[in-house]
Amino acid sequence: MQPGFFYERSWQLPAARVGLSGMRQLRFPSDLDHGRFLARYWQKQPLLMPGAWPGFQSPISPEELAGLACEDGVESRLVMERGGSHPWELRLGPFSEGDFSTLPKDGWTLLVQDVDKHLPQLAAVLEPFRFVPDWRIDDLMVSYAPPGGSVGPHLDAYDVFLLQARGRRRWRIAHDGFDPEDCIDGIDLRILQHFTPQQEWELAPGDILYLPPGVAHHGVAIDDCMTFSIGFRAPRQYDLVHAWLEDALAGTDRSRRYSDPGLQPREGPGLIDARALGKMRDLVRTRIDSSDAAMNRWLGRFLTEPKEHLQVAPRERQLSTGAFLQRWRQHGAVQCCSACRWAYADETGGGRVLFVDGTEHPLPPSLAPLAGLLCDDRRVPVDNSTAQQPPAVGLLCELYNRGCLDFGDYE
């Protein structure tokens, strides 16, 4: 990355540049299918997959990645092992052209989160990993480092596939022999103070390393190096409970109080009697419905809630249902926006609930297949009989106007 570079990003990367034609060629070792991978390795032990993506070429250059890191609303970081105000300095974006032109030749790493949501074409990189449920997939993070660049030995609380996209990177890992809390004091990052590697590999473009949670790892760029990290969500119990209670409190009537107009005199003034306890339990339970059905719907909303800075904006030009249907017929299909989070859950009676970016849309049995088209196929053809039902067209139009669907032209 030369000093003084800059670029004007195009949301439509030329097809020849995208370099993802071999997407479906992603392969596990010949004796390992998805089921065996999940049984043997997922959340259990690391797996190196050399040549897993034959002929892979990074669809984004280091200069384009740096340009993306200069934009508002893009989560980016620079880790300065050397050349900063102190060792392992963490700098947060958005950055400027000047920030990059003054970087040293080595000793730093640029990391950009949610690249799949900012550059829709790169969402294709996630496609081969969808044998893990979509709600578990978090994002595609892309990092660039000059020779020697690193973010230090550390461990993550989530699963990750590390796809080497450009150059070579040496990975060292350790399963044990370290204290997760024994980190270097006085720096911005949680870097392990004592790390003794037990395995080591050198990855070239197309190689993939899978790491389960809790495995310490240290990657160092051998030459100009880009790594694509496919990370997975793992909600903490604390976060689930906290969000559940926050949601319950948000809809609580603050003026409503306990009342006992039928109070009767009694002996034992220190007693909280059964009637009072029951009334207060009811006060709480009216806001905390812990039935499976209510909890399932809340979880669907919670698990598809986007990060605040990644919420899609409603379209400036809202379409009527008729105008939407006309455009749908012209294009032949409508596609899901990669920046949105999609999921669905089955309900009793054959219906389903569609979840899109933290909102729920109950579907009766007659419309239940629509959820699979949207969430599994990510595409709804206009000649689909389920999608042509008036309630389905109305829902698709609503999602289009919200910015969650498009016709493939990234309007």
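Ordered from longest to shortest, the equivalent ellipsoid semi-axes for region 340-411 are 19, 14, 10 Å, each the square root of 5 times a Cα gyration tensor eigenvalue. A Förster distance of 25 Å, applied to the separation of the beta-carbon atoms of Arg254 and Thr348, puts the FRET efficiency at 0.15. According to the Cα-based calculation, Rg over Rh for region 193-257 is 1.28, with Rh computed by the Kirkwood formula.
In this view, the solvent-accessible surface of Arg297, computed with a 1.4 Å probe and all protein chains in place, comes to about 60 Å².
Across every pair of non-identical alpha carbons in region 172-212, the mean reciprocal distance, once inverted, gives a Kirkwood radius of 12.2 Å.
Filter the chymotrypsin sites (Phe, Trp or Tyr not before Pro) in region 207-265 down to the DSSP loop ones having no more than 16 other Cβ atoms within 10 Å, then list what survives. Listed in order of number, the matching sites are Tyr258.
Fraction of C-alpha pairs exceeding 25 angstrom in region 238-354: 55 percent, rounded to a whole number. Using the Kirkwood radius built from alpha carbon pairs, what does the Stokes-Einstein equation give as D for region 250-300 at 10 °C and 1.306 mPa s, in µm² per second? Rounded to a whole number, D works out at 117 µm²/s. With no solvent and one point per C-alpha, what does the Debye sum give as log10 I(q)/I(0) for region 57-121 at q = 0.14, 0.16, 0.23 Å⁻¹? Rounded to two decimals, the profile gives -0.41, -0.52, -1.00. Could you compute how fast region 170-328 diffuses translationally, taking Rh as the Kirkwood radius over C-alpha pairs and applying Stokes-Einstein at 20 °C with viscosity 1.002 mPa s? Give it in µm² per second. It comes out at roughly 93 µm²/s.
For the chain, evaluate the Debye formula with one uniform point scatterer on each Cα (no solvent term) and list log10 I(q)/I(0) at q = 0.06 Å⁻¹, rounded to two decimals. These q points yield log10 I(q)/I(0) values of -0.32. Based on Cα contacts under 8 Å between residues 6+ apart, the chain shows a relative contact order of 14 percent. Considering all C-alpha pairs of region 102-221, those separated by over 20 Å amount to 48%. The fraction of accessible area contributed by carbon and sulfur in the chain is 50 percent, rounded to a whole number (1.4 Å probe; ligands and nucleic acids excluded). Over the chain, accessible surface divided per residue gives 51 Å², non-protein components excluded, 1.4 Å probe. Here is the list for region 78-147: chymotrypsin sites (Phe, Trp or Tyr not before Pro) lying in DSSP coil, each with at most 15 other C-beta atoms within 10 angstrom of its C-beta, are Phe131. The Rg/Rh ratio for region 277-411, using Cα coordinates for both the radius of gyration and the Kirkwood hydrodynamic radius, is 1.06. Per-residue Karplus couplings for region 276-291, computed as 6.51 cos²θ - 1.76 cosθ + 1.60 with θ equal to phi - 60°, are listed in order as 5, 4, x, 5, 6, 4, 5, 4, 6, 5, 5, 9, 10, 7, 9, 5 Hz, Gly and Pro entered as x.
Once both axes come from the Cα atoms, what is the angle between helix 321-331 and the longest principal axis of the chain, in degrees from 0 to 90, rounded to 10? The angle comes out near 30 degrees.
Ranked by solvent-accessible area (1.4 Å probe, protein heavy atoms only, all chains present), the residues Thr348, Thr102 order from largest to smallest as Thr348, Thr102.
Residues whose amide H comes within less than 5 Å of that of Tyr344, counting only those at least five positions distant or on another chain, are Phe355 (H built at 1.01 Å from N in the peptide plane). The mean of 1/r over all distinct Cα pairs in region 273-335, once inverted, gives the Kirkwood hydrodynamic radius of 16.6 Å. Computed with the Debye formula from one identical point scatterer per Cα of region 21-147, without solvent, the log10 of I(q)/I(0) at q = 0.16, 0.21, 0.23 Å⁻¹ comes to -0.93, -1.20, -1.31.
The values are calculated or read from the model by the stated rules, or taken from the named source; none is laboratory data. Not measured: the values here are computed from a predicted model. With ideal geometry, Cβ positions are generated from the backbone for all residues, glycine too; neighbour counts draw on all protein chains shown. The accessibility values were calculated without ligands, DNA or RNA, using every heavy atom of the protein model including side chains. Shrake-Rupley method; radii C 1.70, N 1.55, O 1.52, S 1.80 Å.
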